Amino acid sequence: MISMTDRLILEFDRALRAVAGQQAAQRPSPAAGVAEGALDAATREQSAALMRVNHVGEVCAQALYQGQALTARGEGARASLEQAAREEADHLAWSAERIRELGGRPSLLNPLWYAGSLALGLGAGLLGDRWNLAFLAETERQVEEHLGGHLRRLAPEDARTRAVVDAMRADEARHRDTALSLGAADLPAPARLAMRAMAKVMTTVASRV
Ligand SMILES: [Fe+2]
Ligand SMILES: [Fe+2]
């Protein structure tokens, strides 16, 4: 059994790693074994910008799952959510690695994205597990949609980036199913719209800064 203080220290360590881009993946990157395409400078830049947005999304996912872990009351949900959180850590590492390969850099505002998402996650947690899960499920759904949009925008010859985005999208769909199967409430339409609006601001800013 670990105490609450130990847990807070562990979570703080996780937060620092997420923000600093120091995360080790447990699964090999889906880009491993995929040959690098012949990308011109403009294509690399576009791919790097899209991956920066995805990386920000994964930083936020770390914070959301962390908020979940700190506030979840039901023990039953914990194991599946921890598994999802570990997969999110893989996403974070894979996207950071791909950004580096493309010669880009992660968002300078990562600490801000992290803090904002953690506050949201903790807030949702205070409403109880059903709402916390509802918030997670809707986030996963929007991220999945978003990654689908990126697959349409990424250059066909950028096979390595596509492999990463494709695998992440498949994971997010499963994460959403997990949250739903654990009893997520139905999020009211205004809340879904507000989340969409916030995601829009975040992705627009992150594609530049
Ligand atoms: Fe993810
Ligand atoms: Fe996810």
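The values are calculated or read from the model by the stated rules, or taken from the named source; none is laboratory data. Everything quoted here is computed from the prediction, not taken from an experiment. A quick note on method: Cβ atoms are made from the backbone with ideal geometry, for glycine too, and the neighbour counts reach across all protein chains shown. When the accessible area is computed, the model is the full protein with side chains, heavy atoms only, and any ligands, DNA or RNA have been set aside. Shrake-Rupley method; radii C 1.70, N 1.55, O 1.52, S 1.80 Å.
Just a few scattered comments:
- Taking a quarter of the surface of the Cα convex hull of the chain gives a mean projected area of 11.1 nm².
- For the range 3-92, the solvent-accessible area with a 1.4 angstrom probe is 47 square angstrom per residue.
- Protection proxy ranking for 78-86, 178-186, using the average of other Cβ atoms within 10 Å per residue and placing the highest first: 178-186, 78-86.
- Geometric extent, Cα atoms of the range 37-123 - Rg, Dmax (angstrom): 15.2, 50
- Net charge dipole, the chain: roughly 400 debye, given to the nearest 20, about the Cα centre with Cβ charges of +1 for Lys and Arg and -1 for Asp and Glu.
- When peptides 127-135, 6-14 are ranked by their average number of other Cβ atoms within 10 Å per residue, the highest-first order is 127-135, 6-14.
- Placing unit charges on each Cβ (+1 for Lys and Arg, -1 for Asp and Glu) gives the range 59-164 a dipole about its Cα centre, and among 148, 70, 107 the Cα reaching farthest toward its positive end belongs to 107.
- When the solvent-accessible area of the range 19-161 is split by element, carbon and sulfur atoms take up 59 percent of it, the probe being 1.4 Å.
- Helix-only arithmetic for the chain: the sum of -39500 (n - 2.57) across DSSP H runs with n ≥ 4, divided by the residue total, places the mean residue ellipticity at 222 nm at -26000 deg cm²/dmol.
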